[in-house]
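Only one structure is covered here, and it is reproduced in the block below.
The values are calculated or read from the model by the stated rules, or taken from the named source; none is laboratory data. Computed from a predicted structure; not experimentally measured. A quick note on method: Cβ atoms are made from the backbone with ideal geometry, for glycine too, and the neighbour counts reach across all protein chains shown. Just so you know, the surface numbers come from the protein's heavy atoms only, side chains and all, with ligands and any DNA or RNA stripped out. Shrake-Rupley method; radii C 1.70, N 1.55, O 1.52, S 1.80 Å.
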Amino acid sequence: MYKRIPKIFRNFYFITSFLFLIWMLFFDSNDFITQYQMNKTLRDLEEEKEHYLVKMEEVQKDRKELMSDPELLEKFAREKYLMKRPTEDVFIIVEKEED
């Protein structure tokens, strides 16, 4: 029965290489599936990084505009933080949601 197996498959180097390949693809801690998942995670994180870099640039631009224009700063403070002058009254209108 040993003679019926082709000679190439009985070769020590072939068997060793084949077992090594199987081990590296499926059983090792750095196997193919893990590498694919890590690569996918890396791509997602790089996209997220780009998104946050763009957002940071927008915020810095808005901050620079706010700090350079006192009227815009006052408008922002009134709308966002409900600030008022001592002689003013603030009324908050909340719209009712229709069910």
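Brief remarks follow.
- Whole-number accessible area per residue in Å² for the chain, which is evaluated in the context of all protein chains at 1.4 Å: 105 Å²
- Along the axis of the charge dipole computed for the chain (Cβ charges of +1 for Lys and Arg, -1 for Asp and Glu, origin at the Cα centre), the listed residues F14, Q37, L25 are led at the positive end by F14.
- Helix axis angle, 32-68 relative to the chain longest principal axis, alpha carbon, degrees: 20 degrees
- Qualifying trypsin sites (Lys or Arg not before Pro) for segment 5-91 [loop in DSSP, other Cβ within 10 Å: at most 15]: K84
- GNM top mover of D62, D89, D31 - the chain, alpha-carbon springs below 10 Å: D89
- Bins of 5 Å from zero: percent of alpha-carbon pairs in segment 8-55: 5, 20, 13, 13, 11, 10, 9, 6, 5, 4, 3, 2, 0
- Split the accessible area of the chain by element, probe 1.4 Å, and carbon with sulfur accounts for 61%.
- Mean ellipticity per residue at 222 nm, deg cm²/dmol - from DSSP H runs of n ≥ 4 across the chain, formula -39500 (n - 2.57): -21500 deg cm²/dmol
- Range of Cα positions in the chain per principal axis (Å), largest first: 104, 43, 17
- Loop-located chymotrypsin sites (Phe, Trp or Tyr not before Pro) in the chain, at most 12 other Cβ atoms within 10 Å (DSSP): F91
- Restriction of the GluC sites (Glu not before Pro) in segment 1-90 to DSSP coil positions whose beta-carbon has at most 11 other beta-carbons within 10 angstrom yields E88.
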